[in-house]
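Structure, as structure tokens:
The values are calculated or read from the model by the stated rules, or taken from the named source; none is laboratory data. Computed from a prediction, not measured in an experiment: that's the story for all the values here. Positions of Cβ are backbone-derived with ideal geometry, glycine not excepted, and every protein chain shown enters the neighbour counts.
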């Protein structure tokens, strides 16, 4: 579904990705793990068209997307739930969700999607008239994910959804991601919570200083010496 | 007399509000302080003047035409200038609109001379007396027109899909891009809308105000101060700031000295931003 070949990118000449190759198949949950500064965020920024790669290609369902602007990439079905959530704080919960369906013209479809998101996150329905900025961290994260689901994504990229969220809520969110995946949405999970991410992911890639240093199934990586030493502190 | 001055101040403030709203909108969406804003007010005043002289259309009725013309002009200016500086350093954003303002003012002097012009007889004229308070009807009509246009713009931003996108970009550009919002297209539209506000105000002002090229500097400065006073990025704040400036202008002009009225406006502004740098209703992002 998504193929990335020898991707290089950086900021003002400082390379953050030094040739990353990976692929995501339809129906998978693929984990991207690594420490701060490993290039995880740069990688998904490049996928979403927020930065332009200097080398390499990104292909989604046979279309090259590395030269497209962000809104075209969204139209193709790749939705990113960014780190830090990037909600529209002064707008209400429902307005935020509707903006998630910005590219959908069919009112009926928007309503259906809204009901779907409310069924997954009932708390959002209770709070729908509230400004997004008044929600708690966990609720904001749910809103960010809900907003991402509003456009029926084919590939949902979730970046650091556990950041600033209580552990019990993280568990809930991960459970919901699993459900969403079982309903047909492919998920790319970028996480610093390595253990939880590997348990959830079918496959995962380990990023270090802008390179993929290891990949395999979640289980394999959990057992590998590299992951245990570097990320799990075992 | 006091009530008289308050009424005059609020009438004036309503028109300033409309100008300021446009400036605030443009700032919110693209982080550009449009120093050419006053020049667009001036262009609309001339458009209304020639509408009156050549086509015999009253400036009040010319307002919708001015809105359309200035909206289109705004979109064109965005396409040929603004879009190239929007992501540039702050100085280039500043100089681009500053230069544009200078260009437009000097172009107006060249084309239409620096002389003062007025529209002799607007369709609304005369004075309305309530007790001791006298309300000049042309000013009242312009103020009501400004409130109407401002309310429509406000509703548009709050209630429509495009308006929601405008708010989203003002709040979080990256978040908006990730929703599939075409940032450039909405920015072009917003620039047009902001300039259209200036255009509506210019046409409405033309019914009673002197029309001359340098009127641009005055209105540009007033709008800038109103927006800074109310808080950058807050449309409501810009409205409030503009009303305050209208009041300071009339009250200060009477109780202190007419020559000092603009000095007073800027003094109040300085006072407020010293205490509250983000402005009265600002979100604190400058």
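Descriptive notes on the structure:
- Output for the range B:89-131, where each listed residue is free of Cβ contacts under 8 Å to residues at least 40 places away in the same chain, surrounded by 12 or more Cβ atoms within 10 Å (Cβ to Cβ) and either touching a strand residue (DSSP E or B) at 6+ places or on another chain (Cβ under 6 Å) or in a loop (DSSP other than H, G, I, E, B) (or both): B:125
- Of the residues screened, residue B:219 is not one that is modelled with pLDDT of 90 or more, surrounded by 18 or more Cβ atoms within 10 Å (Cβ to Cβ) and in contact with a strand residue (DSSP E or B) (Cβ under 9 Å, 6 or more places away or on another chain).
- Checking B:228, B:177 one by one, the residue that is free of Cβ contacts under 8 Å to residues at least 60 places away in the same chain and within 14 Å of chain A (Cβ to nearest Cβ) is B:177 and no other.
- Matching residues in the range B:193-210 - criterion: being crowded, with 24+ Cβ neighbours inside 10 Å and over 13 Å from the mean Cα position of the chain (by Cα): B:206, B:207
- The combined condition, being modelled with pLDDT of 95 or more, touching a helix residue (DSSP H, G or I) at 6+ places or on another chain (Cβ under 8 Å) and within 8 Å of chain B (Cβ to nearest Cβ), is not fulfilled by residue A:97.
Quick grid of which residues meet (1) in a loop (DSSP other than H, G, I, E, B); (2) touching a residue at least 60 places away in the same chain (Cβ under 8 Å); (3) surrounded by fewer than 24 Cβ atoms within 10 Å (Cβ to Cβ); (4) within 12 Å of another protein chain (Cβ to nearest Cβ):
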| position | (1), (2), (3), (4) |
| --- | --- |
| A:79 | no, yes, no, yes |
| A:87 | yes, yes, no, yes |
| A:108 | no, no, yes, no |
| A:119 | no, no, yes, no |
| A:163 | yes, yes, yes, no |
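- Index of the failed condition, residue A:146 passing every other in (1) under 13 Å from the mean Cα position of the chain (by Cα); (2) within 12 Å of chain B (Cβ to nearest Cβ): (2)
- Unique residue being under 25 Å from residue A:107 (Cα atoms), in contact (Cβ under 8 Å) with a residue 40 or more places away in the chain and part of a helix (DSSP H, G or I) when the list is B:195, B:166: B:166
- Every residue from the range B:180-202 that is facing chain A (nearest Cβ under 9 Å) and in contact with a helix residue (DSSP H, G or I) (Cβ under 7 Å, 6 or more places away or on another chain): B:180, B:181, B:182, B:183, B:184
- With respect to being within 8 Å of chain B (Cβ to nearest Cβ) and either part of a loop (DSSP other than H, G, I, E, B) or more than 30 Å from residue A:207 (Cα to Cα) (or both), residue A:115 falls outside the description.
- Residue B:134 being outside any loop (DSSP other than H, G, I, E, B) and over 29 Å from residue B:236 (Cβ atoms): yes
- Test: residue A:28 is away from chain B (no Cβ under 14 Å), surrounded by fewer than 21 Cβ atoms within 10 Å (Cβ to Cβ) and more than 21 Å from residue A:207 (Cβ to Cβ): no
- Within the range A:68-77, tally of residues that are over 30 Å from residue A:165 (Cβ atoms) and either within 7 Å of chain B (Cβ to nearest Cβ) or more than 20 Å from the chain's Cα centre (by Cα) (or both): 0
- Among the residues of the range B:162-174, those identified as touching a helix residue (DSSP H, G or I) at 6+ places or on another chain (Cβ under 7 Å) and within 7 Å of chain A (Cβ to nearest Cβ) are B:164, B:165, B:167, B:168.
- Positions within the range B:233-243 being farther than 30 Å from residue B:57 by Cα and surrounded by 22 or more Cβ atoms within 10 Å (Cβ to Cβ), in sequence order: B:233, B:234, B:235, B:237, B:238, B:241
- The residues listed here are A:4, A:58; of these, the one that is closer than 18 Å to residue B:178 by Cα, away from every other protein chain (no Cβ under 14 Å) and part of a strand (DSSP E or B) is A:58.
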